[in-house]
Amino acid sequence: MIKANDPSRKSWVHVPADSDFSIQNIPFGIFKTSDLNPRAATAIGDKVVDLSILHEVGLLEGLDLPSGIFSKPNLNDFMELGKATTRRVRDRISDLLEENNAELRDNDKLRSTVFHDMESVEMLMPVSVPNYTDFYSSEQHAFNVGTMFRGPENALMPNWKHIPVGYHGRASSIVVSGTPFHRPKGQTKADDADVPSFGPCRLLDFELEMAYITCKENPLGDAVSTSEAEDYIFGFVILNDWSARDIQKWEYVPLGPFLAKNFASHVSPWIVTMDALEPFMVEGPNQSPEVLPYLRYEKATHFDVSLEVGIQPEGAEETVVSNSNFKHMYWNVRQQLAHHTVNGCNMQVGDMYGSGTISGPEESAYGSMLELSWRGTKPLPMTDGSERKFILDGDTVIMRGHAEKDGIRVGFGEVKAKVLPAK
Ligand code: CA
């Protein structure tokens, strides 16, 4: 067992029972304050722990860490040290926060500079993202969307159960939770119109996704096998992959998503390591037809992570509109990475890979408004009396996720974004 995952560990830091940031989590993020430059941190309870200071004062010695590794504006160089090192760092941080360890606990002066209230800091993008890939790996989502456009008999394309379908997205517009963004504008064409028109998107949608981040490069020309994949995957965030459905419908043939997808994608600020999620791994679905040999895998790599989506209209209470789970994936992350590299495509440190919209089998577990309102035919009631087919200006969409087992909770916090009117 990874030491930091030990369920019997308790911390001297107070961790509320419903906190995502137990001592078994130890995620990594980047924060700043009005006085402090961007730097790396972990989270425990409702506190942010400054890793740059822990390193400076020598509490992270003996871990082969380059000087200043936690004083950078992103975690790329840290992740690139490799999982053997980052795992030892996570273990050591866990030791420092463990209830019987006095090194930090009994040093009042140091503690006062290392700890910040989570509410008092600004969380930043945890990584610089060189490349972004988005998969389409939830069978229920692919089935729902296929049913809407082609009918239930032809819902899944013939390739879908043979290939983890994906596309190359845009990295520059991936932003951290809370970053303001405007409703996109673009070309759309109504079914009864002869020519397209230009204006603000009318069918703005969220996509509930998880994303993983790679920490290792494979040389151009080399493939990563399903068994090697875990050395490449540092951890996960929650991803809201905003989509403009009306723009998408007009532009996507023949080359797929473009301006309907690249105007903004929000991520949660804390990277929960793949190590921390190991106790929450579950078997995936039985894959039939059998996949090609390069997509076969030995170890279960689906994750039982409960996910929810809320919509908060301007000045009103939030309404939860979806409860899904990351385990509802047909293709797992090992298969995605093996497929992505089987042609020799090289992964880079910081690359991000979206799961695709995660829809569960029940209607209440669908991961987009397109599905929840079934193309706008079934509006969703909000607690303020209004209803939603898609997302309106002033709405804030909030996604949360956590894993829980035997009283141990490891979560992601939230990714939140408010839609501002088109510019
Ligand atoms: Ca997507």
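The values are calculated or read from the model by the stated rules, or taken from the named source; none is laboratory data. Model, not experiment: these values are computed from the prediction. Cβ: placed from backbone, ideal geometry, glycine included. Neighbour counts: every protein chain shown. These accessible areas exclude ligands, DNA and RNA; they are computed on the full protein's heavy atoms, side chains included. Shrake-Rupley method; radii C 1.70, N 1.55, O 1.52, S 1.80 Å.
Summary of values
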| read-out | value |
| --- | --- |
| Output for segment 167-181, where each listed residue is open to solvent by 70 Å² or more (accessible area, probe 1.4 Å) and modelled with pLDDT of 95 or more | HIS168, ARG170, SER172 |
| GLU404 being without any contact (Cβ under 8 Å) to a residue 40 or more places away in the chain, open to solvent by 10 Å² or more (accessible area, probe 1.4 Å) and of a type outside the set (Val, Ile, Thr) | no |
| Tabulated pairs, segment 128-156, first more than 15 Å from the ligand (Cβ to nearest atom), second of a type in the set (Val, Ile, Thr) and in a loop (DSSP other than H, G, I, E, B), C-beta under 8 angstrom, 6+ apart or interchain | PRO130/VAL349 |
| Any hit, segment 317-333, residues being farther than 28 Å from SER373 by Cβ, crowded, with 22+ Cβ neighbours inside 10 Å and within 16 Å of the ligand (Cβ to nearest atom) | yes |
| Residue tally, condition open to solvent by 60 Å² or more (accessible area, probe 1.4 Å) and either in contact with a helix residue (DSSP H, G or I) (Cβ under 6 Å, 6 or more places away or on another chain) or within 20 Å of ARG245 (Cβ to Cβ) (or both), over segment 129-151 | 4 |
| Subset tally (residues that are more than 16 Å from the ligand (Cβ to nearest atom) and either assigned to a loop (DSSP other than H, G, I, E, B) or open to solvent by 10 Å² or more (accessible area, probe 1.4 Å) (or both)) for segment 361-382 | 14 |
| Qualifying positions in segment 157-177 - hydroxyl-bearing (Ser, Thr, Tyr) and more than 16 Å from the ligand (Cβ to nearest atom) | SER172, SER177 |
| Flag for TRP250 being within 16 Å of the ligand (Cβ to nearest atom) and at pLDDT 95 or above | no |
| Subset of segment 222-247 that is in contact with a strand residue (DSSP E or B) (Cβ under 7 Å, 6 or more places away or on another chain) and of a type in the set (Ser, Thr, Tyr) - its residue that is nearest to the ligand (Cβ to nearest atom) | SER243 |
| Among (1) at negative phi; (2) open to solvent by 50 Å² or more (accessible area, probe 1.4 Å); (3) not acidic (Asp, Glu), the one test that PHE412 misses | (2) |
| Residue list for segment 289-310, filter: farther than 30 Å from PRO219 by Cα and either under 18 Å from the mean Cα position of the chain (by Cα) or at pLDDT below 95 (or both) | ASP304, VAL305, SER306, LEU307, GLU308, VAL309, GLY310 |
| Helices (runs of 4 or more DSSP H) wholly inside segment 197-293 containing at least 1 residues that are in contact (Cβ under 8 Å) with a residue 40 or more places away in the chain and surrounded by fewer than 18 Cβ atoms within 10 Å (Cβ to Cβ) | 229-232, 245-251 |
